[in-house]
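Contents: one structure, followed by commentary.
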Amino acid sequence: MVERENEDLSIRRQCELLALNRSSLYYERVGLSEEDQRVLQEMDKIYLDFPSYGSRRMSRELRRRGYRVGRLRVRSLMRLLGVEAIYPRKRLSIPAKDHQIYPYLLREVEIDRPNVVWAADITYIRLKHGFVYLVAVMDVFSRYIISWQLSNTLESGFCCEALKEALEGDCPEYFNTVQGAQFTSSEFLSILQGKEIKISMDGKGRVIDNIFIERFWRTLKYEEVYTKCYETVAECRASIGEFIRKYNEERLHQSLGVYDTPFEAYYQLPAGAEC
C-alpha cells in the first residue's frame, strides 16, 4: 500500500497514515541457511523411514549422520516441515482450536469399487533453495491420484483448490483426512458438505487410517523427489506432474489384483487401454 514514488506524501507520512512501523517497510525476510536446507532434506528422508521419531531421536539420528544439531533446533525444523512423531496416543493430529473434527467412519466400510472412499494428505517437497507443500487427493480403491496442488504455505486455500478440482468429475461416498487445520477449516468442510459427502477423519491413536496415501508419498519421494534438485517451483510442479501422470497411467500395482494401473482401476478399463 505504500507508494514509494508518491511526490505528495513522504514514505514517513504514508506509514503514519497506515499505522505502519517504518522500519518494517525495509525488512527483508531471511531465508533458511544452506545448512538448514541440508538438515531439512535429511530429516525428510529419516521421517519417511522412521515416522515414529520425535525430536529427541531425530536429533540423535542426525548427529549419527554427521549433522551438528541440537534437539531444540530439530524441534523447530520439524514444526517447519509440518511433521510430528507418529505413535498411538490420545491426540495424534491437532486441528485448530475453533475447528470442527469428525469421527473415523471407515472401520466397517467395504472399499470394493472406485469412488467409495477418497483420501487427502499433505507432504513437504524440498527445492534447491527452499521448500513447498504438496496436497493430493487419492481414490483409495484404485490408488488413482485425482488431483493435486503445490503451495509455499500451509494455508488451507491450496487444499480447497485440489478438492474442487477433484470434484469436477465424480464424488465419493466418504472423504478421509487427518485432523490437520487445513482439512478442518470451514471452507474445506463446506465444500464436502455441499456435495453431501460423509466426512471421516483419522481416529485418535490410529497410525494406519490414511496408509495408502502415505505409501504414495514414499513412492514419490524415493522415485522422484530425492533423485532431483528442483531449482524453481515451476520446475518442481512440472516434474511432479509428469511423475504423477506416469504413476496414474503407466505404473502397475500388484495390490490392485491383476497389475492394473490406477487409471485402469479407477475408470474400470481393461488392461492396456489408452488413457
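The values are calculated or read from the model by the stated rules, or taken from the named source; none is laboratory data. This is a predicted model, so every value here is computed, not measured. We place every Cβ from the backbone using ideal geometry, glycine too, and count neighbours over all the protein chains shown. Ligands, DNA and RNA are excluded from the accessible area calculation, which covers all protein heavy atoms including side chains. Shrake-Rupley method; radii C 1.70, N 1.55, O 1.52, S 1.80 Å.
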Surpassing 27 Å at the alpha-carbon level, of the pairs K198/K221; K45/K246; K45/K198, are K198/K221; K45/K198
What are the residues whose amide H is under 5 Å from the amide H of G130, where those residues sit 5 or more places off or on another chain and H is modelled from the backbone?
-> none
State whether the range 99-239 is rounded, prolate or oblate according to the following rule on the C-alpha gyration tensor (a ≥ b ≥ c being the square roots of its eigenvalues): a/c under 1.5 gives rounded; otherwise a/b larger than b/c gives prolate, and the remaining case gives oblate.
-> prolate
Reachable aspartates and glutamates from K164, criterion Cα separation under 20 angstrom, eight or more residues apart if same chain | D121, D139, E155, E173, E187, E196
Can you list residues whose amide H is under 5 Å from S147's amide H, if they're 5+ apart or on another chain and H is modeled 1.01 Å from N?
-> V137
Here, trypsin sites (Lys or Arg not before Pro) of the range 116-150 satisfying both criteria (DSSP loop; at most 14 other Cβ within 10 Å) are K128
Enumerate the amide H contacts of L154 below 5 Å, restricted to partners 5 or more residues apart or on another chain; note that Pro and chain-start residues carry no placed amide H.
-> none
Calculate what fraction, in whole %, of the accessible area of the range 100-210 sits on carbon and sulfur atoms when a 1.4 Å probe is rolled over the protein chains.
-> 44 percent
Average accessible surface area per residue within the range 120-251, 1.4 Å rolling probe, Å² | 42 Å²
Proximal aspartates and glutamates to K228, defined as alpha-carbon separation beneath 16 angstrom and excluding residues fewer than eight positions away on the same chain = E42, D44, E242
